[in-house]
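**Student:** Below: one structure in structure tokens.
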Amino acid sequence: MSSGLCVEIDNLGPFSKKVKLELNVPLMVVTGETGTGKSFLLRLLSLLLKNLKQTLDVRTLEEYDLKNEFGHSRHIVHEKAEEGRIMLSYGGELLADVEIYSRPAGRPSAEINEMRAEFVKVAKWKGEQPYTELAERSVMAPDERIPLTRYILSAGWASPPPSASAFSSLLASMRDKEHWLLEEMIMPMVEEGLLPRIRSYFSKGVVAGYDVRNVSSAAIALLSLAPIALRLQEGRAFFAAVDTLELHLSPLLQAATAVNLARWAKKGWVECEEHPTPLLLVTHSSIVLSALLTEVEEGVKDKLVRLPDSYRLTEDDVKTVIFYREEGVLRCDARKGVALPNHLREYARFL
């Protein structure tokens, strides 16, 4: 088993101190206060992996992806710094070392044409098999995924943010193939009696007999997670990430979906012979955290949990990362195990 993708980030976005994360277990849960960098980390990581290919198109990263995702570099580099850095490694081998500047060295900001400023410097970059494949197969379901999913499944096409390009392409491919996982993802709603029991739940833009543009947002939210489940099942990706899992899901569906995805991750970890895909789950929901804690401590037994107990997660399968602010300084605390209430109190002192 590989040691997983290691991410080091310093002086970027909200991160004023170096943060190091290693995706070397089936599930990493990221939670914390708003504005502490959870989505920022995912979006930046997705852009770098999107460009981790045999031949790097540096101009795409510099002039298109980063600017379309974040705007000018001043929105990327920490406000108290002039440059930031992100490094990726896998199994101890450096993949990418990217420096980002708030302005070109030696130039006052007043003299810079913001649309032309080259503020990204690729210090080191390596794109070789199997790393190219692992990067290209990595996918993030972004927090914009509900409207994106409606467009894609109805055979339309929205302009996705750069970090969502892999998600959008994979979901469109699953739509075209009428992939069985689309039906599998929506089964919890069928079990709840929220959708009619018909033979096909998804076919050519139709869910349970209704045009996808008019279907409940909860159904769209579940369908939007099908690309994540697919990658967890197949493996061979650096990660599959979900930004804000709880979007448009009822409390019951939040809990069931969190446990189902966690078991998909464990299943892939058990069955993939090499390069299993870890699940990176960003959530604000205490319901999601509680469901995962119950899963680890005693296992969740409910008809909405589709995978058997043999894929239940244990404490060794989970890491929790809590981003919080204290006296204006961002701190990152990575602990093994699901977020327990006493851990949460470190940043949410009102609990």
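The values are calculated or read from the model by the stated rules, or taken from the named source; none is laboratory data. Source: prediction; values computed, not measured. Reconstructed Cβ throughout: ideal geometry from the backbone, glycine too, with neighbour counts over all protein chains shown.
**Student:** Within segment 248-297, track down each residue that is over 18 Å from P308 (Cβ atoms), among the β-branched types (V, I, T) and under 16 Å from the mean Cα position of the chain (by Cα).
**Tutor:** Result: T277, V282, T283, V288.
**Student:** Here is a list: E191, E178, E144, E183. Which entry is under 18 Å from the mean Cα position of the chain (by Cα), surrounded by fewer than 22 Cβ atoms within 10 Å (Cβ to Cβ) and acidic (D, E)?
**Tutor:** Details: E191 fails: under 18 Å from the mean Cα position of the chain (by Cα); E178 fails: under 18 Å from the mean Cα position of the chain (by Cα); E183 fails: under 18 Å from the mean Cα position of the chain (by Cα).
Only one candidate qualifies: E144.
**Student:** Another question, then. For segment 21-50, enumerate the residues that are assigned to a strand (DSSP E or B) and touching a residue at least 40 places away in the same chain (Cβ under 8 Å). Full working, then the answer.
**Tutor:** Here is the first cut: in segment 21-50, the ones assigned to a strand (DSSP E or B) are 21-23, 27-32.
Within segment 21-50, L21, L23, L27, M28, V29, V30, T31, G32 qualify.
**Student:** Next question, about the same structure. List, please: which pairs have Cβ atoms under 8 Å, are six or more places apart or on different chains, and start with a residue in segment 293-307 that is closer than 10 Å to A256 by Cα and end with one that is aromatic (F, W, Y)?
**Tutor:** Matching pairs, first to second residue: none at all.
**Student:** Residues in segment 38-51 that are surrounded by fewer than 22 Cβ atoms within 10 Å (Cβ to Cβ) and of a type in the set (S, T, Y): how many?
**Tutor:** Adding up the residues that qualify gives 1.
**Student:** Would you confirm, using the coordinates I've provided, whether S224 is in contact (Cβ under 8 Å) with a residue 60 or more places away in the chain, crowded, with 17+ Cβ neighbours inside 10 Å, closer than 18 Å to H248 by Cβ and polar (S, T, N, Q)? Please lay out each step first, then the result.
**Tutor:** Numbers: in contact (Cβ under 8 Å) with a residue 60 or more places away in the chain: yes; crowded, with 17+ Cβ neighbours inside 10 Å: yes; closer than 18 Å to H248 by Cβ: yes; polar (S, T, N, Q): yes.
Yes, satisfied.
**Student:** Now for a separate question. Output the number of the condition that G35 fails; it satisfies all remaining conditions of (1) crowded, with 22+ Cβ neighbours inside 10 Å; (2) within 18 Å of the chain's Cα centre (by Cα); (3) at pLDDT below 85.
**Tutor:** Single failed check for G35: (1).
**Student:** Show the residue pairs meeting these rules: Cβ distance below 8 Å; 6+ apart or different chains; first residue within segment 170-187 and free of Cβ contacts under 8 Å to residues at least 40 places away in the same chain; second residue among the charged types (D, E, K, R) and not in a helix (DSSP H, G or I).
**Tutor:** Sorted first by the residue in segment 170-187, then by its partner, the pairs are E178/K204.
**Student:** I would also like to ask the following. D243 versus (1) surrounded by fewer than 22 Cβ atoms within 10 Å (Cβ to Cβ); (2) within 30 Å of E136 (Cβ to Cβ); (3) not aliphatic (A, V, I, L, M): which is the lone unmet condition?
**Tutor:** For D243, the failing item is (1).
**Student:** Still on this model: Within segment 233-240, is even one residue closer than 14 Å to T283 by Cα, crowded, with 24+ Cβ neighbours inside 10 Å and in contact with a strand residue (DSSP E or B) (Cβ under 6 Å, 6 or more places away or on another chain)? Steps first, answer last, please.
**Tutor:** So the first thing to find is which residues in segment 233-240 are closer than 14 Å to T283 by Cα, and the list is none.
Scanning segment 233-240, I find no residue that is closer than 14 Å to T283 by Cα, crowded, with 24+ Cβ neighbours inside 10 Å and in contact with a strand residue (DSSP E or B) (Cβ under 6 Å, 6 or more places away or on another chain), so the answer is no.
**Student:** Out of the residues in segment 150-165 meeting the condition of being of a type in the set (A, V, I, L, M) and not in a helix (DSSP H, G or I), tell me which one is modelled with the lowest pLDDT.
**Tutor:** Let us first name the residues in segment 150-165 that are of a type in the set (A, V, I, L, M), namely 152-153, 155, 158, 164.
Narrowing the set further to residues that are not in a helix (DSSP H, G or I) leaves 155, 158.
Numbers: A155: 86, A158: 81.
Among them, the one singled out is A158.
**Student:** Determine whether R59 is at pLDDT below 70, surrounded by fewer than 18 Cβ atoms within 10 Å (Cβ to Cβ) and part of a helix (DSSP H, G or I).
**Tutor:** On the way: at pLDDT below 70: yes; surrounded by fewer than 18 Cβ atoms within 10 Å (Cβ to Cβ): yes; part of a helix (DSSP H, G or I): yes.
Yes, satisfied.
**Student:** Within segment 196-229, how many residues are in a loop (DSSP other than H, G, I, E, B), of a type in the set (A, V, I, L, M, F, W, C) and under 21 Å from L261 (Cα atoms)?
**Tutor:** As a first pass, look at segment 196-229 and keep what is in a loop (DSSP other than H, G, I, E, B): 196-201, 204-205, 208-209, 215-216, 224-225.
Imposing the further condition that a residue be of a type in the set (A, V, I, L, M, F, W, C) reduces the set to 198, 208, 215, 225.
When the remaining residues are screened for being under 21 Å from L261 (Cα atoms), the result is 225.
Counting residues in segment 196-229 that are in a loop (DSSP other than H, G, I, E, B), of a type in the set (A, V, I, L, M, F, W, C) and under 21 Å from L261 (Cα atoms) gives 1.
**Student:** Here's another thing I want to ask about it. Report yes if A241 is in contact (Cβ under 8 Å) with a residue 12 or more places away in the chain, among the small types (G, A, S) and part of a strand (DSSP E or B), otherwise no. Step through it out loud before you land on a result.
**Tutor:** On the way: in contact (Cβ under 8 Å) with a residue 12 or more places away in the chain: yes; among the small types (G, A, S): yes; part of a strand (DSSP E or B): yes.
Here the answer is yes, as A241 does meet what is asked.
**Student:** Answer yes or no as to whether R213 is over 16 Å from the mean Cα position of the chain (by Cα), surrounded by fewer than 17 Cβ atoms within 10 Å (Cβ to Cβ) and at pLDDT below 80.
**Tutor:** Values: over 16 Å from the mean Cα position of the chain (by Cα): yes; surrounded by fewer than 17 Cβ atoms within 10 Å (Cβ to Cβ): yes; at pLDDT below 80: no.
Judged against the criteria, R213 is not a match.
**Student:** What are the pairs, 6+ residues apart or on separate chains, where a residue within segment 121-145 that is farther than 20 Å from A265 by Cα and aliphatic (A, V, I, L, M) has its Cβ under 7 Å from a residue that is at pLDDT below 90 and in a helix (DSSP H, G or I)?
**Tutor:** V122/V58
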